[in-house]
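The values are calculated or read from the model by the stated rules, or taken from the named source; none is laboratory data. Every value quoted in this text rests on a predicted model; they were computed, and no experiment measured them. No Cβ is skipped: glycine too gets one built from the backbone with ideal geometry, and neighbour counts run over all protein chains shown. Accessible surface is based on the protein model in full, side chains and every heavy atom, while ligands, DNA and RNA are left aside. Shrake-Rupley method; radii C 1.70, N 1.55, O 1.52, S 1.80 Å.
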Amino acid sequence: MRRRAVNIQEVKRKIEGLRGKNLQLAVNKGRNQIVRLDGQIVDLFPYVFTFRSGEDLVSFSYSDIICGDIRIGYSG
């Protein structure tokens with residue numbers, strides 16, 4: 001089934017609502033490599049957001065979420 005079209009502004013609003021909460025990101029690195037990160041969204045910028053996982057601080061593009069390269073879930 002086809003997914004509903006999502007725009008960047010809608011993704012930014014959803015990410016802003018998740019800021020500071022404990023999350024789990026599943027990042028598709030290609031070639032069947034999925035990396036799971038537990039942490040929190042730290043900052044939001046016009047084209048990217050930053051995610052802190054332990055000592056690591058990584059940045060992701062909002063378009064990565066639209067393309068399905070990143071899946072966000074709540075960390076339990």
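Near A26, within a Cβ-to-Cβ distance under 9 Å, what is the net charge of the other residues, with Lys and Arg +1 and Asp and Glu -1? For residues surrounding A26, the net value is +2. With both labels modelled 7 Å from their Cα along Cα-to-Cβ, the V48 to R71 distance reads 2.5 nm.
Let me know the Kirkwood hydrodynamic radius for the chain, please, with Cα pairs as the basis and the value in Å to one decimal. Don't skip to the end; give the middle numbers.
Values: mean 1/r = 0.0780 Å⁻¹.
After inverting the pairwise mean of 1/r, the radius is 12.8 Å.
Across the range 1-64, Cα pairs under 8 Å and at least six residues apart give a relative contact order of 23 percent.
Legend: residues K29, K21, sorted from most to least accessible area (1.4 Å probe; ligands, DNA and RNA excluded), read K29, K21.
Three principal axis extents describe the C-alpha atoms of the range 7-48; from largest down they are 30, 24, 14 Å.
Over the chain, accessible surface divided per residue gives 74 Å², non-protein components excluded, 1.4 Å probe.
Cα to Cα, under 17 Å, and not fewer than 8 places away if on the same chain: which aspartates and glutamates meet these conditions relative to K14? Within reach: D43, D64, D69. Taking Cβ atoms as reference points and 12 Å as the exclusive limit, the residues near D64 contribute a net charge of +1, counting Lys and Arg as +1 and Asp and Glu as -1.
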